[in-house]
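Peer 1: Structure provided below as structure tokens; questions to follow.
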Amino acid sequence: MKTIIYHLTIIIALLAVGCVQEEVDQAEIIPTQEPLDGKKPVAILTSSKIDLPTQEEALDHKTGIRNKIFKKSLTTDLNQLATIEIVQLIEQGASQKEIALAYEEYGDNWVKKQEYSAAINAYKEAEEIRETDMKQLYLKLAKTYALNGEYYGSMEDCLKQAKALGFEDYKVLLYDEAFEGWRKKYDFVDGFGELFGKGQEMMFNVFIALGNQKNLIKDYTVGPMELFENTEYAHRERVGYYKNRPVIRTHFENFVEGLNEDRFSREGGDDYRYEMVLANNKNYVAVIYSKEEVWSEYILPKEYQLVTYDRKGNKVAALEIAKRGALKRGKGFVLHPDHTFEITNYKLKWKNSAKERCDQEGTYLKYEDLKMAEAEERTTYKISATGQIIPTEGVLLGMR
């Protein structure tokens, strides 16, 4: 039995050396890439010649970890070069911490190459040794599981481990690209709440993070064309309406009035979507969202609300700024980069044949059916430094 173990060790070492023989002609120092946590990388010595262990060394208790690594090289995705370099660290008398850091750095490099399963294997080796920053290691593991499409179970366990060791940066879950796929899952809010709590301020941070945040550099307009051209599913798909305007989840009923009132109705309730989130002011956050009914006749009713909140999620002010829903009247707005805006009331006239086109269920009046939209009244508003919505001027109009 001893002879078999010894020869198995020799064979694996020789196979690994053969894979790197042509690339490595002489001993050299290869610096690893910078690790994710900013720690100084470990220099790894490679050589075209490896001193093979004697039979006694292979069976010695002190070299047990080396034999363990050889064994794992048969069943994991770690490449042979990585295995040989780890073995060399052990041959040189490296500490457990140096070996753990080497595994962690291999994991970092696999992540950069988008080889997530291999990275997970490397991180798990470092976890088993436990001679590294375990809080950061568990966070790396959680990110890698998420990037690999494993949004539950292992990922959540790693996040809980990191939290138990002092991880408190909740914004990583809200904005890091690694967790983008998880954020799209409905259960993300519940998973986040289990880690960081479901208090108002914390849930408000989630509420605005899941919206489409914008920094306005030009005017944003929702007028008659924008109100009526997107009533068809095919058009919405073509212009990315659903992708660019995420659904507001029912978790946020404290911030959006009426969100949960009819969600258990047979029709499934109204459709609430973010239009935009303005979160770059230090004193307030402004959210524009739309509420659309699921069924109607001729015109699919829809309204847009502008709501301002303080930074703790308390509502400051609210105003309806656009609406469709009547054959003769409509409302639209223009929002400027300085957070001033105008609301315009329109008188609508339709082409003679427009209603006939809406005989089929699910077919509604479109912008091309509109004969005229006459602006009757316009009011100018501003959002104050504290988030109040203040009217500044009202003008009666008679133009088209």
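Peer 1: Going residue by residue through segment 303-320, is there one that turns out to be at pLDDT below 95 and under 28 Å from the mean Cα position of the chain (by Cα)?
Peer 2: So in segment 303-320, the residues at pLDDT below 95 come out as none.
Scanning segment 303-320, I find no residue that is at pLDDT below 95 and under 28 Å from the mean Cα position of the chain (by Cα), so the answer is no.
Peer 1: Another one. Out of all the residues in segment 346-357, is one or more hydroxyl-bearing (Ser, Thr, Tyr), in contact with a strand residue (DSSP E or B) (Cβ under 7 Å, 6 or more places away or on another chain) and either modelled with pLDDT under 95 or in a strand (DSSP E or B) (or both)? Walk me through it before giving the result.
Peer 2: Taking segment 346-357 as the starting set, the residues that turn out to be hydroxyl-bearing (Ser, Thr, Tyr) are 346, 353.
Okay, now just the ones that are also in contact with a strand residue (DSSP E or B) (Cβ under 7 Å, 6 or more places away or on another chain), so 346.
Narrowing further to those that are either modelled with pLDDT under 95 or in a strand (DSSP E or B) (or both): 346.
Yes: one or more hits.
Peer 1: Moving on to the next point. Taking segment 261-292 as the search range and keeping residues that are at pLDDT below 90 and surrounded by 15 or more Cβ atoms within 10 Å (Cβ to Cβ), which one is farthest from Gly223 (Cα to Cα)? Outline the logic, then answer.
Peer 2: Taking segment 261-292 as the starting set, the residues that turn out to be at pLDDT below 90 are 261-270.
Then keep just the ones that are surrounded by 15 or more Cβ atoms within 10 Å (Cβ to Cβ); that gives 269-270.
Numbers: Gly269: 25, Asp270: 22 Å.
Only one residue fits best here, namely Gly269.
Peer 1: In addition: Would you please name the residue that is nearest to Ser154 (Cα to Cα), looking only at residues in segment 129-142 that are surrounded by fewer than 23 Cβ atoms within 10 Å (Cβ to Cβ) and at pLDDT 95 or above?
Peer 2: For segment 129-142, the residue satisfying everything is Tyr138.
Peer 1: Starting from segment 325-340, keep only residues that are of a type in the set (S, T, N, Q), then list their pairs with residues that are outside any strand (DSSP E or B) and modelled with pLDDT under 95 whose Cβ atoms are within a distance under 9 Å, requiring at least 6 positions of separation or different chains.
Peer 2: Correct list of pairs: empty, since none qualify.
Peer 1: May I ask you to list the residues in segment 222-246 that are out of contact with any strand residue (DSSP E or B) (no Cβ under 9 Å at 6 or more places or on another chain) and among the charged types (D, E, K, R)?
Peer 2: Glu229, Glu232, Arg236, Glu237, Arg238, Lys243
Peer 1: Would you be able to tell me the number of residues in segment 276-303 that are in contact with a Gly (Cβ under 9 Å, 6 or more places away or on another chain), assigned to a strand (DSSP E or B) and under 30 Å from Leu327 (Cβ atoms)? Walk me through it before giving the result.
Peer 2: Narrowing segment 276-303 to residues in contact with a Gly (Cβ under 9 Å, 6 or more places away or on another chain): 276-277, 279, 281, 283-287, 289, 291, 293-296, 299-303.
Those still in the list that are assigned to a strand (DSSP E or B) too: 276-277, 284-287, 289, 291, 302-303.
Add one more test, that the residue is under 30 Å from Leu327 (Cβ atoms), and what stays is 276, 287, 289, 291, 302-303.
Selection size over segment 276-303: 6.
Peer 1: Which of the residues belonging to segment 152-193 are under 22 Å from Pro246 (Cβ atoms) and of a type in the set (D, E, K, R)?
Peer 2: Across segment 152-193, the qualifying residues are Lys171, Asp176, Glu177, Glu180, Arg183, Lys184, Lys185, Asp187, Asp190.
Let's see how each residue does on (1) of a type outside the set (S, T, N, Q); (2) out of contact with any Lys or Arg (no Cβ under 7 Å at 6 or more places or on another chain); (3) surrounded by fewer than 14 Cβ atoms within 10 Å (Cβ to Cβ):
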| position | (1), (2), (3) |
| --- | --- |
| Ile299 | yes, no, no |
| Lys328 | yes, no, yes |
| Tyr367 | yes, yes, no |
| Pro391 | yes, yes, yes |
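Peer 1: Yes or no: Lys323 basic (Lys, Arg), exposed (fewer than 14 other Cβ atoms within 10 Å of the Cβ) and assigned to a strand (DSSP E or B)? Show your work before the answer.
Peer 2: Values: basic (Lys, Arg): yes; exposed (fewer than 14 other Cβ atoms within 10 Å of the Cβ): no; assigned to a strand (DSSP E or B): yes.
It is false that Lys323 is basic (Lys, Arg), exposed (fewer than 14 other Cβ atoms within 10 Å of the Cβ) and assigned to a strand (DSSP E or B).
Peer 1: Taking the residues in segment 152-162 that are within 19 Å of the chain's Cα centre (by Cα) and of a type outside the set (A, V, I, L, M, F, W, C) as candidates, determine which candidate is surrounded by the fewest Cβ atoms within 10 Å (Cβ to Cβ).
Peer 2: Gly153
Peer 1: Given the options Asn352, Asn345, name the one that is within 29 Å of Thr231 (Cβ to Cβ), surrounded by fewer than 13 Cβ atoms within 10 Å (Cβ to Cβ) and not β-branched (Val, Ile, Thr).
Peer 2: Only one candidate passes the filter, namely Asn352.
Peer 1: Using beta carbons and a limit of 6 Å, which pairs, at least six apart or on different chains, have the first residue in segment 378-393 and in a strand (DSSP E or B) and the second one of a type in the set (Phe, Trp, Tyr) and modelled with pLDDT of 95 or more?
Peer 2: Tyr381/Phe341; Ile389/Tyr381; Pro391/Tyr381
To keep it simple, each residue is scored yes or no on (1) of a type in the set (Ser, Thr, Tyr); (2) outside any helix (DSSP H, G or I); (3) touching a strand residue (DSSP E or B) at 6+ places or on another chain (Cβ under 8 Å).
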position: Glu98; (1), (2), (3): no, no, no
position: Ala102; (1), (2), (3): no, no, yes
position: Tyr106; (1), (2), (3): yes, no, no
position: Val111; (1), (2), (3): no, no, no
position: Gln114; (1), (2), (3): no, yes, no
position: Ala119; (1), (2), (3): no, no, no
position: Tyr123; (1), (2), (3): yes, no, no
position: Ala126; (1), (2), (3): no, no, no
position: Glu131; (1), (2), (3): no, yes, no
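Peer 1: Just checking, which of Gly149, Gly191, Gly181 is surrounded by fewer than 22 Cβ atoms within 10 Å (Cβ to Cβ) and not in a helix (DSSP H, G or I)? Lay out the reasoning, then the answer.
Peer 2: Values: Gly191 fails: not in a helix (DSSP H, G or I); Gly181 fails: not in a helix (DSSP H, G or I).
Checking each option against the conditions leaves just Gly149.
Peer 1: Would segment 220-239 turn up any residue that is part of a loop (DSSP other than H, G, I, E, B) and at pLDDT 95 or above? Lay out the reasoning, then the answer.
Peer 2: Pass one, segment 220-239, residues part of a loop (DSSP other than H, G, I, E, B): 223, 229-232.
From the residues that got through so far, the ones that are at pLDDT 95 or above too are 223.
Yes, segment 220-239 has at least one match.
Peer 1: Of the residues that make up segment 305-319, is at least one surrounded by 17 or more Cβ atoms within 10 Å (Cβ to Cβ) and of a type in the set (D, E, K, R)?
Peer 2: The answer is no; no qualifying residue exists.
Peer 1: Which residue, of Tyr170, Tyr151, is closer than 19 Å to Glu115 by Cα, in contact (Cβ under 8 Å) with a residue 24 or more places away in the chain and in contact with a helix residue (DSSP H, G or I) (Cβ under 7 Å, 6 or more places away or on another chain)?
Peer 2: Numbers: Tyr170 fails: closer than 19 Å to Glu115 by Cα.
Unique residue meeting the criteria: Tyr151.
Residues are listed down the side, and each one gets a yes or a no for (1) in contact (Cβ under 8 Å) with a residue 40 or more places away in the chain; (2) polar (S, T, N, Q):
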residue	(1), (2)
Asp187	no, no
Ile217	yes, no
Thr250	no, yes
Met276	yes, no
Ala279	yes, no
Ala286	yes, no
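The values are calculated or read from the model by the stated rules, or taken from the named source; none is laboratory data. Bear in mind the structure is a predicted one, so any value in this text is a computation, not a measurement. Methodologically, a virtual Cβ is constructed for each residue, glycine included, from the backbone with ideal geometry; neighbour enumeration extends over all protein chains shown.
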